[in-house]
1. P(r) tail for region 1-143, what percent of Cα pairs lie past 17 Å?
2. Kindly report, to the nearest 10 Å², the accessible surface of residue 83 as traced by a 1.4 Å probe over protein heavy atoms only.
3. What aspartates and glutamates does residue 85 reach when the alpha-carbon gap must be under 20 Å and sequence neighbours fewer than 8 apart in one chain are set aside?
4. Per the Kirkwood formula on distinct C-alpha pairs, the Rh of region 64-202 is how many angstrom?
5. Once you have the Kirkwood Rh of region 50-126 from its Cα pairs, apply Stokes-Einstein at 20 °C and 1.002 mPa s and quote D in µm²/s.
6. Rounded to the nearest 0.05, what FRET efficiency do residue 37 and residue 175 give with R0 = 30 Å and r taken as the Cβ-Cβ distance? Could you check?
7. Restricting to Cα pairs below 8 Å that are 6+ residues apart, what does the relative contact order work out to for the chain? Please round to a whole percent.
8. Modelling each spin label as a point 7 Å along the Cα-to-Cβ direction, I'd like the residue 199/residue 140 distance in nm, to one decimal.
Amino acid sequence: MAGITRGFFGRRGERDPRLPPGQYDARDQWPVLHAEATPRISTDTWTFTVEGLVEHEVSWTWDEIHALPRSRYDGAIHCVTTWSKFDMTFDGISVDTLLEAARPLPSATHVMAVSHTGYTTNLPLADITDGKAWVVWDADGSPLTVEHGGPARLLVPHLYFWKSAKWVSGLRLMDHDEPGFWERNGYHDRGDPWAEQRYQGD
Ligand SMILES: Nc1nc2c(c(=O)[nH]1)N[C@H]1C(S)=C(S)[C@@H](COP(=O)(O)O)O[C@H]1N2
Ligand SMILES: [Mo]
């Protein structure tokens, strides 16, 4: 009885309210997870493109994207394999800034995030607008390492981390939802960690 009580309510069982259900705090660990071989992408040839259902298809080079106003995310990330990390700092640019330039058409409802490697992940447009998503190149004050998606990755921290495409190359605006890489392999189309949307059907 005492053991059960301690597990749920005891000093050591106090659950961090920032931790979504089924997640644990990875503390100083930052696991590396990806399906494909780690690519080497030079910032000399790197581009980021917003295309599909937009008024203007726009591409930025590394220098061009760095000339846009910066934006920072301070907070947590949550991987579907159950680790979460708190107090991360990412620097880059808000996806809002990129979409302002491309101007999504009214028919655009979803996006496919695409990586230089061919990795894809789908998102409702509403999940990457209004300050909820970034293209980032610094993590905790240092350039993103290639293992963590450098030179730049997408960051959508309110959804499971598989939505944060590493080595991101662009966004394709669509008028329908369509599964990306992990979504075709059984992961949920949206991936809200607070609703534990881990797998298709959750
Ligand atoms: N290009 C690419 N991006 C990806 C993945 C991948 O397989 N390929 N995996 C996703 C998953 S499942 C997670 S948890 C995070 C892992 O990011 P990290 O290695 O920086 O922790 O990247 C996401 N972005
Ligand atoms: Mo993940």
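The values are calculated or read from the model by the stated rules, or taken from the named source; none is laboratory data. What you see is a predicted model; the values in this text were computed from it and never measured. Because the Cβ atoms are built from the backbone with ideal geometry, glycine has one as well, and the counts that use them run over all protein chains shown. Please note that ligands, DNA and RNA were not included when accessible areas were found on the heavy atoms of the full protein model with its side chains. Shrake-Rupley method; radii C 1.70, N 1.55, O 1.52, S 1.80 Å.
1. Numbers: 7226 of 10153 pairs.
That tail contains 71 percent of the Cα-Cα pairs.
2. Its accessible surface works out to 10 Å², give or take rounding.
3. 14, 16, 25, 28, 74, 138, 140, 147, 192, 196
4. Values: mean 1/r = 0.0665 Å⁻¹.
With all distinct Cα pairs of region 64-202 included, I get 15.0 Å.
5. Numbers: Rh = 14.6 Å.
Result for D is 147 µm²/s.
6. Working: r = 33 Å, r/R0 = 1.10.
With R0 = 30 Å, the Cβ-Cβ based efficiency is 0.35.
7. Details: 414 pairs, mean separation 45.3, N = 202.
This gives 22 percent for the chain.
8. 3.2 nm
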